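S.K.: Sending over a structure as structure tokens; questions will come in a sec.
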Amino acid sequence: MSILHYLALVSVAAIVTLVITPLVRRVSEHFGLVDTPGGRKVHQTPISRVGGVAIFSGMIAALAFQVFGEARLGWHQVLLHRAEGDPRLLLVLGGVTLMFVVGLIDDLVNLTPGAKLLGQIAAAGVVVASGLRIDYVGNPVQGGLVMLGLLSIPVTIIYLVGFANVINLIDGLDGLAAGVSGIAAMSLLALAAPANRFDAAALAAALIGACLGFLRYNFHPASIFMGDSGAMFLGFSLATISLLGVMKTTAAIALAVPLIILGVPIFDTASAILRRLRHNRPIQEADKGHIHHRLLGRGFDQRQTVLIIYAWSAALAVGGYAVRYSPGYMRFAALMALLAVTAFMAYWLGLFESVHRQDEDDA
């Protein structure tokens, strides 16, 4: 598959998302499906919260275009051949679709945390049933690989559900989740295409286009939010793409690469958990200690905050690429550089400090 081929998929997804998003916004506003301001939220007026429908539609349109090209235009067989001869790809896409449906139901009726988690596990279970699993991890002590055996099932489910939730948790500012997801998808495309993982590359290209199209309406000042249907779908799709592409290699470093690429939302989630444990707060308790809250507290406006996180995410994405393909000593240097940048940001933003204490100091 050529660069023009991937650009075509990006374009189709972007155009369809651009066209559908205003329609989704009008319908959702008509039925009162809006996110009202208040609490930790930074927006001031009610805004449509089901933009995930447009993102999902854009990605599906691009994949349909890929299938049409394979069937009628003589394109390289990527999706159609596998779907016809191997039902596992259909199960993978079914799991992704189920995750979108779970998020959409949550947007419509506000599922309980337990019900939402069960839905996420069910979607991950469908993907695992396809045979797409983390079968081994690198041994950091003795080198080589450690085979997981039956443990591959729960490990993969945790990986998939975790990715779905870290994007959801970082979705706190206009354009933040869509932009970070788009950057991550670009990185996964750059990793999957040279490795001839064309199914993963096609999915990544479709995701890039959907994110770009949605950002037209979601970047500050946003006129629509993606909601759980968008955030959970994006995170879960990125995790699935990484399993299809980057993870399907015998390199021991493979598991670290997608974790580095999505390092900002993962680090944000991890620091929130550690911060709450350190200060004897419930892990599930919401606060204003996330990265974007800290940047806003430093005096940056919404656009500046989002652009800073974009730059940080892009740096980690480049680092993830370097870690995957660099020789040993360069790989170590890249890891140390990424660690230094992340440690500096954590210290500068005070990510492990108590939010309540900081609020008192600012008063």
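S.K.: GNM, the chain, Cα, under 10 Å: largest mean-square fluctuation among Ile261, Ile308, Ile157?
M.R.: Its mean-square fluctuation being the largest, the pick is Ile308.
S.K.: Mind listing the phi-derived Karplus ³J(HN,Hα) values for segment 187-194, rounded to whole Hz, using 6.51, -1.76 and 1.60 with θ = phi - 60°, and x for any glycine or proline?
M.R.: 5, 5, 5, 5, 8, 6, 4, x
S.K.: Rg/Rh for segment 3-256 to two decimals, with Rh computed the Kirkwood way over all alpha-carbon pairs.
M.R.: My calculation of the ratio gives 0.98.
S.K.: Same structure again: Top mean-square fluctuation among Gly289, Gly103, Gly320, Gaussian network model of the chain, C-alpha springs under 10 Å?
M.R.: Top of the fluctuation ranking is Gly289.
S.K.: Name the most mobile residue of Leu188, Leu244, Leu151, meaning the one with the largest mean-square fluctuation, in a Gaussian network model of the chain with Cα contacts below 10 Å.
M.R.: Fluctuation is largest for Leu151.
S.K.: OK, next. For Ile158 and Arg298, calculate 0.36 nm times their separation in residues minus their Cα-Cα distance, and state this gained length in nm to one decimal.
M.R.: 47.0 nm
S.K.: Show me, for segment 288-295, the HN-Hα J-couplings you get by feeding each phi into the Karplus relation (A = 6.51, B = -1.76, C = 1.60, θ = phi - 60°), rounded to Hz, glycine and proline as x.
M.R.: 9, x, 5, 3, 5, 5, 5, 5
S.K.: Shape call for segment 178-282 from the C-alpha gyration tensor, a ≥ b ≥ c root eigenvalues: rounded (a/c under 1.5), prolate (a/b greater than b/c) or oblate?
M.R.: In terms of gyration-tensor shape, oblate.
S.K.: May I ask you to evaluate 6.51 cos²θ - 1.76 cosθ + 1.60, the Karplus curve with θ = phi - 60°, for each residue of segment 21-33 and list the ³J(HN,Hα) values in order in whole Hz, giving x for glycine and proline?
M.R.: Residue by residue, segment 21-33 yields 4, x, 5, 4, 4, 5, 5, 5, 5, 4, 9, x, 8 Hz.
S.K.: In nm, give the distance between the simple-model label positions of Leu90 and Ile283, each being 7 Å from the Cα along the Cα-to-Cβ direction.
M.R.: Rounded to a tenth, the inter-label distance reads 3.8 nm.
S.K.: Run lengths n ≥ 4 of DSSP H only: what is the helix-derived mean residue ellipticity at 222 nm for the chain, with -39500 (n - 2.57) per run over all residues, to the nearest 500?
M.R.: My calculation for the chain gives -23000 deg cm²/dmol from helical runs alone.
S.K.: Using modelled amide H (1.01 Å from N, peptide plane; none on Pro or chain starts), what sits under 5 Å from the amide H of Leu145, excluding residues fewer than 5 places away?
M.R.: Asn139
S.K.: Rounded to the nearest 0.05, what FRET efficiency do Leu73 and Val27 have when you use their Cβ-Cβ distance and R0 = 35 Å?
M.R.: Values: r = 33 Å, r/R0 = 0.96.
Efficiency, rounded to the nearest 0.05: 0.55.
S.K.: Further, regarding this structure: In nm, what is the difference between 0.36 nm times the number of residues separating Leu118 and Leu145 and their Cα-Cα distance?
M.R.: Length difference between fully extended and current span is 6.6 nm.
S.K.: What shape does segment 146-217 take by its C-alpha gyration tensor, where a ≥ b ≥ c are the square roots of the eigenvalues and a/c under 1.5 counts as rounded, a/b above b/c as prolate, and the rest as oblate? Working shown, then result.
M.R.: Working: a/c = 3.23, a/b = 1.34, b/c = 2.40.
Oblate is the answer for segment 146-217, as a/c is 1.5 or above yet b/c matches or exceeds a/b.
FYI, it's all coordinate maths here, none of it is from the lab. Remember, it's a predicted structure, so these values are computed and weren't measured experimentally. In this analysis, Cβ positions are derived from the backbone assuming ideal geometry, glycine residues included, and neighbour counts consider all displayed protein chains.
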